């Protein structure tokens, strides 16, 4: 994540964004075929991550810089709680609590009613859980977490860990990854997608339906534009969406890895798209350079 902050703040983004535009023009379908015009919902500032939409339609996000947990209503941002660390990713769990991957403190929970934050898991197999990045639940309530640690392209020490539903014991599924970042899983918990930020690669991993042990793994896609893939999500048709951090785009692929196109934020928006959440026919996208949240109505069939 320090790499993120560094790249956003020293002016490299313009070059990456220009490269993204050039690559997009060379062969990707235009954004107009995928979604409507992006609408800015709010400017909260900070390094926004972890967007969620609750049952009442309220937007939630976290700020990596401060550890603050935010809500947005009528364009206004309010601080609900704070992790005391570096909040990196967040997803609502089956129990209604907000689960947070905090790079400094591990896996945390927040009670939406009170805003109280508690440490849930801070170890993996007896080792400190440091560098938690993003997380996702499958349909059975099992939790999957990317742990970047201190990994880089030259030092592949990142992991994916899993917490079975009803347990508070995290176990390592995959080791030796170059900056694992965004993560998505199908409802059955049998196909896992991991964004390798330092490689500009999306990894697909088939999981055993009983033990969840990794089986076949392969490169699902090489990303285009920006620095690398950040947050990801799957829709009900099995299409995979990922944020191109530094490119200002969301790329969409079908379940056979055919790139369907890109959804691009406006030229005057920040280019550090980090993650997204689905709600009522639209995706809500967090952006980290300017601390913005964007809404994009989707025109995808099905």
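Read the figures in this text as sums done on the coordinates, not as results from a lab. Computed from a predicted model, the values in this text were never measured in an experiment. Virtual Cβ from ideal backbone geometry, glycine too; neighbours counted across all protein chains shown.
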Legend entry - Neighbour-count ranking [beta-carbon atoms within 10 angstrom, fewest first] of 287, 199, 56, 127: 56, 127, 199, 287
Legend entry - Gaussian network model of the chain, springs between alpha carbon atoms under 10 Å - residue of 177, 39, 129 with greatest fluctuation: 39
Legend entry - Semi-axis lengths (Å, descending) of the ellipsoid that matches the C-alpha gyration tensor of segment 152-272: 25, 17, 13
Inset, instruction - Return 48, 260 ranked ascending by Cβ neighbour count within 10 Å, so the fewest neighbours appear first. - result: 260, 48
Legend entry - Burial ordering of 79, 59, fewest other beta-carbon atoms within 10 Å first: 79, 59
Legend entry - Estimated FRET transfer efficiency (residue 109, residue 216; beta-carbon r; R0 41 Å; 0.05): 0.80
